[in-house]
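Worksheet: one structure, shown below.
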Amino acid sequence: MRLLFIVRTAPYGTIRGREALDAVLAASAFEQEISLLYLDDGIFQLLVRQDGAAVGQKTASGPIAALPHFDVDRIFGGAYDLCKRGLRVEDLIPGVQLLENEEIGALIAKQDLVLSF
Amino acid sequence: MAGARQVIFSLVVQAAPPVHQGAETAYRFARAALASGHRVRRVFFYADGVHAGNALLMPWQDAIDISSRWRLLADREGIDLVVCIGTAARRGLIDETEAKRNDKSAFNLGAGFALSGLGQLVGAALESDRLITFGC
């Protein structure tokens, strides 16, 4: 079964992105194909230069970067969402595959379950 | 509906009643699906959706009591109402077991709802023909 988790929200202001990761980790125990896609302001979760300590929270990118250790390595970001926010791939943690909008559509179409955060 | 195949649905509710309509839309969808001869296996209340299981909700007089509506429908039709235990705890929604385990003075999970893990959502997806989400 293919499960896709989409994160559209920035870190720290809401817990949605962090809850998405909890869901990804819980789902990873069931040995299905899991993908994680960052769109809209969700792209900010992937920034290399961020520090949650400034607001007393865990830095958002840390757990994402650790996902391959849990066999979750299909981590995607929206290329257009990145560009629209004046960011480049160099600003993101390694291991993120950027997708154009048509590729995002194709990814979503293949899924059995899509959860949005 | 002669000749139409019965579809097994499971639903995911992610938005909090009464602030968002998602829990109510999901309820109306469930009733419509059942009336059309389909089955609703499980409803998984996740993230803000867990509030549908709050026994202490006090809606406006002219609004429906979504928590009781879900409980009654589930009871009549044999639908599983599952509230995600982790996201519920973070939002202060717990049952008696969790209250005792965590030294909390009260609990508020409504009758008819059960706390469980994300595995129930994955299980629902595996066992249903369609999984529909509400309130994201």
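Nothing in this text is a laboratory measurement; each read-out follows from the coordinates by a stated rule. Bear in mind that the values here come from a model prediction, so they are computed numbers and not experimental data. Every residue, glycine as well, gets a Cβ built from its backbone with ideal geometry; the counts of neighbours run over all protein chains shown.
Counting helices only, and only those DSSP H runs with n ≥ 4, report the 222 nm mean residue ellipticity of chain B as the sum of -39,500 (n - 2.57) divided by its residues, in deg cm²/dmol to the nearest 500.
Computed ellipticity for chain B at 222 nm equals -10000 deg cm²/dmol.
Just want to confirm a number: the relative contact order over the stretch B:61-134, from Cα pairs under 8 angstrom separated by 6+ residues, in percent.
Answer for the stretch B:61-134 is 32 percent.
About its Cα centre, what dipole magnitude does the protein assembly as shown give when the only charges are +1 on Lys and Arg Cβ and -1 on Asp and Glu Cβ, stated in debye to the nearest 20?
420 debye
Any chance you could check the Cα centroid distance between the stretch B:26-88 and the stretch A:1-29 for me, in angstrom?
So the two Cα centres are separated by 23 Å.
In whole Hz, with x marking every Gly and Pro, tabulate ³J(HN,Hα) for the stretch B:123-136 from phi via Karplus 6.51 cos²θ - 1.76 cosθ + 1.60, θ = phi - 60°.
x, 4, 4, 5, 9, 10, 6, 9, 10, 10, 9, 10, x, 8
Can you list residues whose amide H is under 5 Å from A:Phe76's amide H, if they're 5+ apart or on another chain and H is modeled 1.01 Å from N?
Counting only residues 5 or more places away or on other chains, the set is A:Leu36, A:Leu37, A:Tyr38, A:Gln97.
Can you work out ³J(HN,Hα) from phi for every residue in the stretch A:50-64, in order, using Karplus 6.51 cos²θ - 1.76 cosθ + 1.60 and θ = phi - 60°, giving whole Hz and x for Gly and Pro?
For the stretch A:50-64, the Karplus-derived couplings read 8, 9, x, 4, 4, 10, x, 10, 5, 5, 5, 6, x, x, 5 Hz, x marking Gly and Pro.
Given q = 0.14, 0.18, 0.27, 0.28 Å⁻¹, what are the Debye log10 I(q)/I(0) values for the stretch B:1-62, with equal point scatterers placed on the Cα positions and solvent ignored?
-0.46, -0.68, -1.11, -1.16
Please list the equivalent ellipsoid semi-axes of chain B, computed as the square roots of five times the alpha-carbon gyration tensor eigenvalues, in descending order and whole angstrom.
Rounded to whole Å, the semi-axes are 26, 17, 12.
Which aspartates and glutamates have a Cα less than 20 Å from the Cα of A:Lys58, not counting those fewer than 8 places away in the same chain?
Here the aspartates and glutamates satisfying the reach criterion relative to A:Lys58 are A:Glu19, A:Asp22, A:Asp41, A:Asp91.
Where Rh is the Kirkwood radius over the Cα pairs of the stretch A:46-99, the temperature 20 °C and the viscosity 1.002 mPa s, what D in µm²/s does Stokes-Einstein return?
179 µm²/s
When the scattering of the stretch B:94-136 is computed by the Debye formula from its Cα atoms alone, each counted once and equally, what is log10 I(q)/I(0) at q = 0.14, 0.34 Å⁻¹?
With one equal scatterer per Cα and no solvent, log10 I(q)/I(0) is -0.51, -1.11.
What number comes out for the charge environment of B:Ala63, summing +1 per Lys or Arg and -1 per Asp or Glu over other residues with Cβ under 12 Å away?
Within the 12 Å Cβ shell, the charges total -2.
Per DSSP H run of n ≥ 4, the term is -39500 (n - 2.57); total these for chain A, divide by its residue number, and report the mean residue ellipticity at 222 nm rounded to 500 deg cm²/dmol.
-7500 deg cm²/dmol
Find the Cα radius of gyration of the protein assembly as shown, compare it with 2.2 N^0.38 Å by division, and give the number to two decimals. The partial results should precede the final answer.
Numbers: Rg = 19.3 Å, N = 253, 2.2 N^0.38 = 18.0 Å.
So the Cα radius of gyration is 1.07 times the expected 2.2 N^0.38 Å.
List A:Cys83, B:Cys136, B:Cys84 from most exposed to least, where exposure is judged by having the fewest other Cβ atoms within 10 Å.
Working: A:Cys83 13, B:Cys136 20, B:Cys84 29.
Neighbour counts put them in this order, fewest first: A:Cys83, B:Cys136, B:Cys84.
Using square roots of five times the C-alpha gyration tensor eigenvalues, list the equivalent-ellipsoid semi-axes of chain A in whole Å, biggest first.
21, 18, 12
What does the net charge come to around B:Gln6 if you take all other residues with beta carbon closer than 13 Å to its beta carbon, with K and R at +1 and D and E at -1?
Net charge around B:Gln6: +3.
Could you work out the Kirkwood radius for the stretch B:65-136, taking every pair of different alpha carbons, averaging 1/r and inverting it, reported in Å?
13.6 Å
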